[in-house]
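Participant: What follows is a single structure, and I will ask about it in a moment.
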Amino acid sequence: MMFWILVGLMSLLALAFVVIPVVKPGTKRKPLLIVGLVTCLPIAAVLIYQQLGTPTAATQPAMPPMPAGMPQGAPSANAMNMDLGKLADKLAEKLKANPGNAEGWALLARTYAELKRPEESLAAFEKASAMTFRDPNLMADYADVLAMNNNNQFDKKAEDLVDQALAINPMHVKALMLKATIEFDRKNYQQAIVNWEKLLTVSGLDAGITKQVRGNIEEARRMIDTGK
């Protein structure tokens, strides 16, 4: 049971990372859950683990005692975080024996990013991207972690990845958010607004993201008005 909980948690963390950039102007990450992806990502994670090996070894360490007030059998938050990290490391070990699994490297990269382990995340993204072509999700995620590991600055490689993602899908949510952030950081506020307004036209955009984007547009307009 603990394995399935952790796989689901790993997948939800990866999903949050796919949808919401780490690096963006003046806002905090808010998890976004899309029903279809929430359904598919855990299945993908399970298939990856089944392909790489049985999951039982990843959950062998004994769980620490439950804190007072927790239901019997429910893992603590610290235990979940600890075991999620161990599960990610176990996946990394299995990928060494099966290095051609692009989906496994992508899941590992996103999980490491959510666990605030950017260097390991970058290494996994590099492997996944070498085996995956024309995937705007992977390109945008990779660019995000590159910036996160570079003091929140987008270098040429990161920006090129964002541009490539938008060339494949001009309405890609995360790529548009990152492109707008790049323009905002360069004080190209009008171009940042163009990208954010384009993002607002995406059908079915989450209400939390919509609110965030509108706030970003207002901030960019204030910058224009004050001449900053």
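Throughout, read-outs are computed from the coordinates displayed, never taken from laboratory work. Note that the structure is predicted; figures quoted are calculated from it, not measured. Ideal geometry is used to build each Cβ from the backbone, glycine not excepted, and the neighbour counts take in all protein chains shown.
Participant: Going by the structure shown, is Gln190 assigned to a helix (DSSP H, G or I), out of contact with any Gly (no Cβ under 7 Å at 6 or more places or on another chain), under 23 Å from Met148 (Cα atoms) and in contact (Cβ under 8 Å) with a residue 12 or more places away in the chain?
Facilitator: Working: assigned to a helix (DSSP H, G or I): yes; out of contact with any Gly (no Cβ under 7 Å at 6 or more places or on another chain): yes; under 23 Å from Met148 (Cα atoms): no; in contact (Cβ under 8 Å) with a residue 12 or more places away in the chain: yes.
In short, no.
Participant: A follow-up question, please. Hey, can you tell me all the residues within the range 193-228 that are charged (D, E, K, R) and assigned to a loop (DSSP other than H, G, I, E, B)? Show your work before the answer.
Facilitator: Restricting attention to the range 193-228, the residues satisfying the condition of being charged (D, E, K, R) are 197-198, 206, 211, 214, 218-219, 221-222, 225, 228.
If the condition is that a residue be charged (D, E, K, R) and assigned to a loop (DSSP other than H, G, I, E, B), then Asp206, Lys228 are the ones that fit.
Participant: A follow-up question, please. Thr181 versus (1) surrounded by fewer than 23 Cβ atoms within 10 Å (Cβ to Cβ); (2) among the polar types (S, T, N, Q); (3) out of contact with any Ser or Thr (no Cβ under 9 Å at 6 or more places or on another chain); (4) in contact (Cβ under 8 Å) with a residue 60 or more places away in the chain: which is the lone unmet condition?
Facilitator: (1)
Participant: Do you know which of the residues in the range 79-123 that are part of a helix (DSSP H, G or I) and among the polar types (S, T, N, Q) is surrounded by the fewest Cβ atoms within 10 Å (Cβ to Cβ)?
Facilitator: Restricting attention to the range 79-123, the residues satisfying the condition of being part of a helix (DSSP H, G or I) are 79-97, 102-114, 118-123.
Going one step further and asking which of them are among the polar types (S, T, N, Q), we end up with 81, 111, 121.
Numbers: Asn81: 13, Thr111: 26, Ser121: 27.
For the range 79-123, the residue satisfying everything is Asn81.
Participant: Filter the range 128-159 down to residues that are surrounded by 14 or more Cβ atoms within 10 Å (Cβ to Cβ) and acidic (Asp, Glu) and give me whichever is nearest to Leu108 (Cα to Cα).
Facilitator: Asp141
Table: residues versus (1) within 19 Å of the chain's Cα centre (by Cα); (2) of a type in the set (Lys, Arg); (3) farther than 27 Å from Ala109 by Cβ.
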residue: Glu183; (1), (2), (3): no, no, no
residue: Ile193; (1), (2), (3): no, no, yes
residue: Gly208; (1), (2), (3): yes, no, no
residue: Arg221; (1), (2), (3): no, yes, yes
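Participant: Which residues, counting only those in the range 93-111, are farther than 14 Å from Tyr142 by Cα and of a type in the set (Lys, Arg)?
Facilitator: Lys94, Lys96
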